[in-house]
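Chemist: Sharing a structure below in structure tokens format, with a few things to ask.
The values are calculated or read from the model by the stated rules, or taken from the named source; none is laboratory data. The structure presented is a predicted model; accordingly, all values stated were derived computationally and were not measured. Cβ atoms come from the backbone with ideal geometry, glycine included; neighbour counts cover every protein chain shown.
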Amino acid sequence: MTEEIATREAYGEALALAGEKDNDVVVLDADLSKSTKSVSFQKKFPDRFFNIGIAEQDMIGTAAGLAASGKKVFASTFAVFAVGRTFDQIRNSIAYSMLPVKLAGSHAGLATGEDGASHQALEDIALMRTLPGMIVACPADGVETKSLVLKSLELENPLYIRLCRLKTPVIFGDKYSFEFGKGSVVEDGADVSIIATGIMLSKAMEASTLLKKEGINARIINMATIKPLDEDIVLKAASETGAIVTAEDHSIVGGLGGAVCELLSEKKPSSVKRVGVRDRFGESAPPEQLFEKYGLTATAIASAAKSALAEKDVQK
Amino acid sequence: MEKLGAEQLSVKSAEMRKEILKMTTCAGSGHPGGSLSATDIVVALYYREMKHKPDNPLWGGRDKFVLSKGHACPLLYAVLADLGYFPKEELGKLRTLNSMLQGHPSSTKTPGIEISTGSLGQGLSVANGMALASKLDKSDSRIYCLLGDGELQEGQVWEAAMTSAHYKLDNLLAIVDFNRLQIDGFVEDVMGVEPIADKFSAFGWNSIEIDGHDFEEIISAFAKAKECTDKPTVIVAKTTKCKGVSFIENVCDYHGKTLTSEELQKAIGELDLVCNIETGEER
């Protein structure tokens, strides 16, 4: 059986590693350290961990002050609170001041499941993408999460890391090295390209297997950094395959799908289908049932790929 | 840097008030009211209380000042320019295209500004982060944060007040510029915030109430704050909006309204009088 680990779990482990590597690493949480897994850091470095309580706006400001004083700060809580409740604090205290704070939003997307719409961030990528200088990343598995967290220590820009509650398959090998701003081709193919982020990458890979059975070869691209978007890999995919599908556990408004469409409509108009939540709130249910109902499955991706292909043929 | 005494500080304040009025009138917009009310406090901080090096704004051992009520930046700009953080000519470019002096403070544009502010309620949290960092670094660097009384209506201030007390940030001094006015009128009419000192005390702070225009009281409150350990200190400084210019003192409209050139001349005349009396040039 494939090994599974939640990206939030990997985040906690990576924080503990980062703390060993660098004495300037400081971690904040807002009463959810057991859920975001920042508790792994707290156990090892209690003096460099500050629980700010149920006060996310204050946590963001505190993170800004620490970063302005040279600390490498990670601040974590659920994605809805991390960037939704605190948008103005992030905008003014962190982004406008260009401070390299690392914000981690766990429990993003429908994958949050039973807690329901109030706790399922479906707009967090969109919000963070609008802030100048903000880097937005959504790792696909535990390995990528760890590499990303460790590499983030060197960033000069603020960063938003989107994490998932759910255990998901480990895709990358131990030697995998994440690079900010770079997408990667996970499977090559010439008929259609599927660009996926976060937990949707493994579903895109499943979709590829389904498509192969019908004689369609899909190129699967992992887009862990949504901003800055790897324009080259998207434009190359559009030129070489002509049909694009995006896949994300996020609203189709303003997320990966939005970013890809913005780029392609300016530079390489192509046949694009966006798989994601179609401008609506989620609801309470086990994640798998939600993925089914809201169309975030391998089958849905495969079917989007076929319609993108069909439209490409019409355009020809 | 030479530490100024009470008399020299009041002359310096009058000079800064003139600069504030000149630059806001020249810009045609800005916030003179809350700049004038906080002038004596900020002058006392920069010319007497704080460790800092104008020729090396990022000096590691410096004390840090967070202007949480960011709209009072004309005051901070006047002080920073006078101290040599940047050339005085910049003051004439306030709020104009490509100027380093933005309508509200920007840390990436102006030397000496520690953090961008302007959206009210955020500064105390940032000051907490700086105070925590100073403690982690075992540094004696102290953090000063100036808030408005109207600003206390922002909930984040009280989240931050809990954090400062919880982490025993005795290297942090918050000062409330208690000028009783906000844009829509008297603070107590818009949304009451009193009793301010009692509120902070209830949140676990050491609270001191003073006349924010009396330098002896300001200096003595700074000293008392340093003696207090294991608690953050707040100085609630009773001030007068538009202090120093008789015909606009306590007039709500001048929160965000600038003087006409005629009014400016009259105001400068009044302030010159202060300078001359204090320096004994005219008696």
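Chemist: Please go through the range B:122-145 and give me each residue that is in contact with an Asp or Glu (Cβ under 6 Å, 6 or more places away or on another chain) and either within 21 Å of B:Thr39 (Cβ to Cβ) or more than 8 Å from chain A (Cβ to nearest Cβ) (or both), ordered by number.
Modeler: Of everything in the range B:122-145, those that are in contact with an Asp or Glu (Cβ under 6 Å, 6 or more places away or on another chain) and either within 21 Å of B:Thr39 (Cβ to Cβ) or more than 8 Å from chain A (Cβ to nearest Cβ) (or both) turn out to be B:Ser141, B:Arg142.
Chemist: Next question. In the range A:141-183, which residues are part of a helix (DSSP H, G or I), buried (at least 24 other Cβ atoms within 10 Å of the Cβ) and among the basic types (Lys, Arg)?
Modeler: Selection gives A:Lys146 alone.
Chemist: Mind listing just one residue for me: the one in the range A:24-60 that is without any contact (Cβ under 8 Å) to a residue 12 or more places away in the chain and within 14 Å of chain B (Cβ to nearest Cβ) and, of those, surrounded by the most Cβ atoms within 10 Å (Cβ to Cβ)?
Modeler: The selected residue is A:Asp58.
Chemist: How about the range A:62-102: which of its residues are in contact with a Pro (Cβ under 7 Å, 6 or more places away or on another chain) and surrounded by 24 or more Cβ atoms within 10 Å (Cβ to Cβ)?
Modeler: A:Ala67, A:Ile94, A:Leu99, A:Val101
Chemist: Just to be sure I understand, how many residues within the range B:85-99 are surrounded by fewer than 13 Cβ atoms within 10 Å (Cβ to Cβ) and on the phi > 0 side of the Ramachandran plot?
Modeler: The total comes to 1.
Listed here are the residues, each with its yes/no results for (1) free of Cβ contacts under 8 Å to residues at least 40 places away in the same chain; (2) small (Gly, Ala, Ser); (3) more than 24 Å from B:His255 (Cα to Cα).
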position	(1), (2), (3)
B:Lys22	no, no, no
B:Tyr47	no, no, yes
B:Leu67	no, no, no
B:Gly70	no, yes, no
B:Glu90	yes, no, no
B:Arg95	no, no, no
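Chemist: Moving on to the next point. If you scan the range A:192-215, which residues turn out to be surrounded by fewer than 19 Cβ atoms within 10 Å (Cβ to Cβ) and part of a loop (DSSP other than H, G, I, E, B)?
Modeler: A:Glu214, A:Gly215
Chemist: Follow-up question, since we're still on this one. Scan A:Ser118, A:Ser208 and give me the residue that is small (Gly, Ala, Ser), over 14 Å from A:Thr7 (Cβ atoms), outside the structural domain of A:Leu290 (by TED's automatic domain parsing) and touching a residue at least 12 places away in the same chain (Cβ under 8 Å). So that I can check it myself, show each step before the final result.
Modeler: Details: A:Ser208 fails: outside the structural domain of A:Leu290 (by TED's automatic domain parsing).
Every option except A:Ser118 fails the conditions.
Chemist: Take the residues in the range B:33-73 that are in a helix (DSSP H, G or I) and touching a Pro at 6+ places or on another chain (Cβ under 7 Å); name whichever of them is farthest from B:Lys3 (Cα to Cα).
Modeler: Step by step, filter the range B:33-73, then rank; the result is B:Gly70.
Chemist: Could you pull out the residue among B:Lys168, B:Lys243 that is touching a residue at least 60 places away in the same chain (Cβ under 8 Å), surrounded by fewer than 24 Cβ atoms within 10 Å (Cβ to Cβ) and under 18 Å from B:Tyr144 (Cβ atoms)?
Modeler: That would be B:Lys168, the only listed residue that is touching a residue at least 60 places away in the same chain (Cβ under 8 Å), surrounded by fewer than 24 Cβ atoms within 10 Å (Cβ to Cβ) and under 18 Å from B:Tyr144 (Cβ atoms).
Chemist: Another question, if that's okay. Just checking, does the range B:69-84 include any residue being in contact with a Cys (Cβ under 8 Å, 6 or more places away or on another chain), β-branched (Val, Ile, Thr) and under 25 Å from B:Asp211 (Cβ atoms)?
Modeler: no
Chemist: Next up: Would you check which residues across the range A:216-240 are polar (S, T, N, Q) and either in contact with a Cys (Cβ under 9 Å, 6 or more places away or on another chain) or surrounded by 24 or more Cβ atoms within 10 Å (Cβ to Cβ) (or both) and list them?
Modeler: A:Asn222, A:Thr225
Chemist: When you check A:Gly133 against the structure, is it within 11 Å of chain B (Cβ to nearest Cβ), surrounded by fewer than 24 Cβ atoms within 10 Å (Cβ to Cβ) and either at pLDDT below 95 or in contact with a helix residue (DSSP H, G or I) (Cβ under 7 Å, 6 or more places away or on another chain) (or both), yes or no?
Modeler: So A:Gly133 fits the description; yes.
Chemist: Given B:Gly118, B:Gly103, B:Gly112, which one is surrounded by fewer than 24 Cβ atoms within 10 Å (Cβ to Cβ), part of a loop (DSSP other than H, G, I, E, B) and facing another protein chain (nearest Cβ under 8 Å)? Can you show your working first?
Modeler: Working: B:Gly103 fails: facing another protein chain (nearest Cβ under 8 Å); B:Gly112 fails: facing another protein chain (nearest Cβ under 8 Å).
Just a single option satisfies the conditions, and that option is B:Gly118.
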